[in-house]
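Remarks on the structure that follows.
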Amino acid sequence: MLISRRFLLGIAVSLAFLLLFFLIVDLGEMGQALASAKYRFILPAIALYFVALFFRSIRWQFLLTPVSRISVARLFPVVTVGYMANNLLPARLGEIARAYYLGRREGLSTSTGLATVLVERVYDGLTLLFLVALAVPFLIFGGIVDGSGTTSEVTWAIVGGITALIFIAAIVVLTLIALKPGFSEFIERLANLLPKPLRPKVRGLISTFVEGLSVLREPRRHLGLFLLSLPVWLLEGSMYLVVALSFDLPTYFEPAAMVIPVVILVTAVSNLATSIPSSPGSLGTFEAPAVAALALVGLGGGPGGGEGVAGAYAILVHVTALLPVTVLGLLYLWFGNISLSRLMRREDKGYPRLGREKV
């Protein structure tokens, strides 16, 4: 029932965003842009995405170090399976699938894995907001965004401010839970409100979840997480930039180098928007915000059509990010003789333990 509700909610959210996407995009121009795109840039873009995935594995290793020392070679398939599951399951259930898969491969608690994934997601948000803060002055002084305080720009500023506060509050709360026993004890006391048979299990889950936050107990590790997050998003942003060459997006801006802060803005907006629970693959919640971000910087009056090119670009970037990692993730499960549906059932029964000697 829970998955059914998540699925219905995700579909509803995606339909709303897809409706917005189709309302603001010229479908005829979008089809022409896709037909004339230079698809030779897609292979290097895919390569950049997988390098970013490799750096995600390095960062996850850093997060897990206080709990267990696991090689990057062991973590890369787990990260890949998690992203594949996010592309096939609604409401970002792939994050849970990644934690389950980590537990099956490495014998760690699912709640410990989920805690590290949550920290990872918060740092993704903080890093994207940092990159946007670097890009916006270039957009304003370059005349791409005029900074005059129009309704659209004020709305974007408010949304950005609220988003920043949410992520900052999240990392503060998680750090306090990791540092202050009183916080976790308070949460455990809340477990007393549950029926007696459930209390020991819930307390155990809370304990292993707090263990997964161990990395936040040292200030220098916060800096380490941020520094490890930078190459992840610079590489993923580079993938967006390479795909932009498929549509000659640099020609829409003067000077052409302004496409770099534009791509940073699109990367941040589209990925922050996919934090919203939606359909498998974040359909709609990726495309509509990406097109809206491009509209903010004036893509719509350039050569070859604006909104149509923006829509085509958003679709091609999304497919480039979704399809290869989904195929590789399914291959990892297939070679491990595990199906996604069995993985999500959580039971260890019937699953072979994947020993650490295997990669």
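The values are calculated or read from the model by the stated rules, or taken from the named source; none is laboratory data. Values in this document were obtained by computation on a predicted structure and should not be read as measured data. Here Cβ is always computed from backbone atoms with ideal geometry, including for glycine, and neighbour counts include all displayed protein chains.
Across segment 245-264, what is the number of residues that are crowded, with 18+ Cβ neighbours inside 10 Å, at pLDDT below 95 and polar (S, T, N, Q)?
Residues flagged as crowded, with 18+ Cβ neighbours inside 10 Å, at pLDDT below 95 and polar (S, T, N, Q) within segment 245-264 amount to 0.
Given the structure, is Phe76 in contact with a Ser or Thr (Cβ under 6 Å, 6 or more places away or on another chain), outside any loop (DSSP other than H, G, I, E, B) and of a type in the set (Phe, Trp, Tyr)?
Yes, satisfied.
For Val215, state whether it is within 20 Å of the chain's Cα centre (by Cα), within 30 Å of Gln61 (Cβ to Cβ), modelled with pLDDT of 85 or more and surrounded by 13 or more Cβ atoms within 10 Å (Cβ to Cβ).
no
Within segment 179-198, is there a residue that is closer than 13 Å to Val119 by Cβ and modelled with pLDDT of 85 or more?
no
Consider only pairs whose beta carbons are under 6 Å apart and that are at least six residues apart or on different chains; among these, list those whose first residue lies in segment 87-100 and is in a helix (DSSP H, G or I) and whose second residue is of a type in the set (Ser, Thr, Tyr).
Partner pairs satisfying both residue conditions: Asn87/Thr326; Ala99/Thr110; Tyr100/Thr110.
Given segment 269-359, what helices (runs of 4 or more DSSP H) lie entirely inside it while holding 2 or more residues that are modelled with pLDDT under 85 and buried (at least 16 other Cβ atoms within 10 Å of the Cβ)? Steps first, answer last, please.
Values: elements: 287-296, 307-335, 340-343.
Fully inside segment 269-359 and qualifying: 340-343.
Go through segment 167-178 and give me each residue that's farther than 16 Å from Thr116 by Cβ and surrounded by 14 or more Cβ atoms within 10 Å (Cβ to Cβ).
Those that are farther than 16 Å from Thr116 by Cβ and surrounded by 14 or more Cβ atoms within 10 Å (Cβ to Cβ): Phe167, Ile168, Leu176.
Show me the helices (runs of 4 or more DSSP H) entirely contained within segment 1-70 in which 3 or more residues are within 18 Å of the chain's Cα centre (by Cα) and modelled with pLDDT of 95 or more.
42-64
List the number of the failed condition for Tyr39; all other conditions in (1) in contact (Cβ under 8 Å) with a residue 60 or more places away in the chain; (2) buried (at least 17 other Cβ atoms within 10 Å of the Cβ) hold.
Every listed condition holds for Tyr39 apart from (2).
The conditions are (1) in contact with a Ser or Thr (Cβ under 8 Å, 6 or more places away or on another chain); (2) of a type in the set (A, V, I, L, M); (3) within 30 Å of Ile11 (Cα to Cα), and Ile264 fails exactly one of them. Which is it?
Ile264 satisfies every listed condition except (1).
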